[in-house]
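Working notes for the structure below.
The values are calculated or read from the model by the stated rules, or taken from the named source; none is laboratory data. If you're wondering where the values come from, they're calculated on a predicted model, not measured in any experiment. A quick note on method: Cβ atoms are made from the backbone with ideal geometry, for glycine too, and the neighbour counts reach across all protein chains shown.
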Amino acid sequence: MVKMSDVAKLANVSTATVSRVLRNPETVKKITRQKVFEAIKQLDYQPNILARHFRTNQTKTILVVVPSLTNLVFSEMISGIDTVATEKGYQVLLGNTNKEIEKAQSYINHLKQKQVDGVILLTVKLAQELWEEIAHDYPIVLASDFVEDLDIPAVCIDNINCGYQITEHLIKLGHQKIAHVSGALDVAISRERVKGYRKALHHYNIPFDESLMIEADYSIGSGYSSVRKLMKQDNQPTAIFFGNDEMAMGGIKAAKEMGIRVPEDLAVIGFDDIKFSAVFDPALTTIAQPFHEMGRKSMEWLWKIMNDEALEHEKYVIESQFIIRESCGANIKGQ
């Protein structure tokens with residue numbers, strides 16, 4: 001079956017451009033429209049008319065799908081989504097996948113069967129073929145994550161820059177042996193933070209050491225076990241950049257049990273700035289993500305898509321903030 005991506009490849013444009021030609025051709029330059037229409041004719045591409053027909057029968061309900069209800073960051077995003085949804089006259093349903101791809105796919109079926117008008121996915125994993133199937137025929141927005149090589153609307157922060165900023169900060173505090181405990185690397189934002197970490201090491205001529213890199217799962221327990229592993233090996237780090245605050249908290253607990261002082265013996269930086277980060281002991285240095293605003297923006301974009309309005313671009317990057325507290329040791333070094 002011919003897909004929209006096949007048309008885009010033949011016309012030498014993005015799938016987002018093909019989508020705009022089909023939905024709002026007046027927003028696309030004439031020469032580009034002609035290239036797309038010629039590709040459609042040549043490939044005999046049949047747009048999913050059924051999916052478009054669905055949009056005329058509104059349920060005034062949207063579905064927000066999360067990978068886990070235990071992750072503290074999602075509540076603020078859901079709050080932002082609900083705020084805008086209420087303003088637009090929509091109800092919000094919540095689906096929890098428990099990190100199961102099959103369950104995530106079952107939620108997508110609610111959209112395909114027109115039980116909801118649109119879906120917002122918060123770092124949810126799907127099979128690649130399903131991403132390709134739903135990418136342009138159904139109203140979907142990703143919040144806090146994105147899918148590489150597919151033009152699915154996404155609202156997120158610059159995770160590469162954040163990873164770089166954290167690592168550079170530790171380097172400037174005098175650290176050379178900097179470990180990174182990442183989230184699952186089958187998630188795009190985890191890979192982006194690793195890229196930022198490695199980019200900073202390379203920029204400051206510090207060799208990347210595989211023994212200082214651990215893939216975890218964003219849980220407190222995985223942060224705890226990662227520190228016990230790192231601090232028992234011969235090549236011990238003097239600083240650790242964790243992929244989120246929960247792992248950092250688990251890691252600090254492990255360090256304390258091992259008699260390692262944070263930040264005197266081991267500098268620690270987290271990611272997310274969850275509510276407990278400022279009152280934790282020691283208070284966590286971290287990246288603050290504007291979760292409520294991410295939720296608001298993702299719902300604004302979904303509403304536009306559901307109403308066949310063109311988006312200015314497919315990826316909306318929101319500014320984050322680097323918050324320096326006690327756990328990195330900057331106060332000890334007077335920086």
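Before moving on, here are some points about what is shown:
- Filter result (among the hydrophobic types (A, V, I, L, M, F, W, C) and free of Cβ contacts under 8 Å to residues at least 40 places away in the same chain) within the range 287-313: Ala288
- Some residue of the range 151-164 being out of contact with any Ser or Thr (no Cβ under 8 Å at 6 or more places or on another chain), within 21 Å of Ala216 (Cβ to Cβ) and in contact (Cβ under 8 Å) with a residue 60 or more places away in the chain: yes
- Scanning the range 9-39 for residues being modelled with pLDDT of 85 or more and either under 29 Å from the mean Cα position of the chain (by Cα) or in the same structural domain as Pro153 (by TED's automatic domain parsing) (or both) gives a total of 3.
- Of all the numbered requirements in (1) within 23 Å of the chain's Cα centre (by Cα); (2) at pLDDT 95 or above; (3) assigned by TED's automatic domain parsing to the domain that holds Gly196, Ala283 misses one, and that requirement is (1).
- Verdict on Leu311 being in a loop (DSSP other than H, G, I, E, B), outside the structural domain of Asp217 (by TED's automatic domain parsing), of a type outside the set (Phe, Trp, Tyr) and within 29 Å of Asp82 (Cα to Cα): yes
- Members of the range 133-161 that are among the aromatic types (Phe, Trp, Tyr) and over 17 Å from Glu293 (Cα atoms): Tyr138
- Filter pass, Ile274 being among the β-branched types (Val, Ile, Thr), assigned by TED's automatic domain parsing to the domain that holds Ile178 and within 21 Å of the chain's Cα centre (by Cα): yes
- Filter result for Ile260 (surrounded by 14 or more Cβ atoms within 10 Å (Cβ to Cβ), in the same structural domain as Glu192 (by TED's automatic domain parsing) and hydrophobic (A, V, I, L, M, F, W, C)): yes
- Some residue of the range 321-332 being more than 16 Å from Ile157 (Cα to Cα), in contact with a helix residue (DSSP H, G or I) (Cβ under 6 Å, 6 or more places away or on another chain) and in contact (Cβ under 8 Å) with a residue 24 or more places away in the chain: yes
- Checking Leu142 against (1) of a type outside the set (Ser, Thr, Tyr); (2) over 19 Å from Val317 (Cβ atoms); (3) surrounded by 18 or more Cβ atoms within 10 Å (Cβ to Cβ), the condition it does not meet: (2)
- All conditions but one from (1) β-branched (Val, Ile, Thr); (2) within 24 Å of Glu264 (Cβ to Cβ); (3) in contact with a helix residue (DSSP H, G or I) (Cβ under 6 Å, 6 or more places away or on another chain) apply to Ile189; the one that does not is (2).
- Condition check for Asp265: part of a loop (DSSP other than H, G, I, E, B) and under 13 Å from Ser327 (Cβ atoms): yes
- Failed item in (1) surrounded by 23 or more Cβ atoms within 10 Å (Cβ to Cβ); (2) part of a loop (DSSP other than H, G, I, E, B), with Met299 passing the rest: (2)
- Across the range 177-217, the number of residues qualifying as touching a residue at least 60 places away in the same chain (Cβ under 8 Å) and touching a strand residue (DSSP E or B) at 6+ places or on another chain (Cβ under 9 Å) comes to 9.
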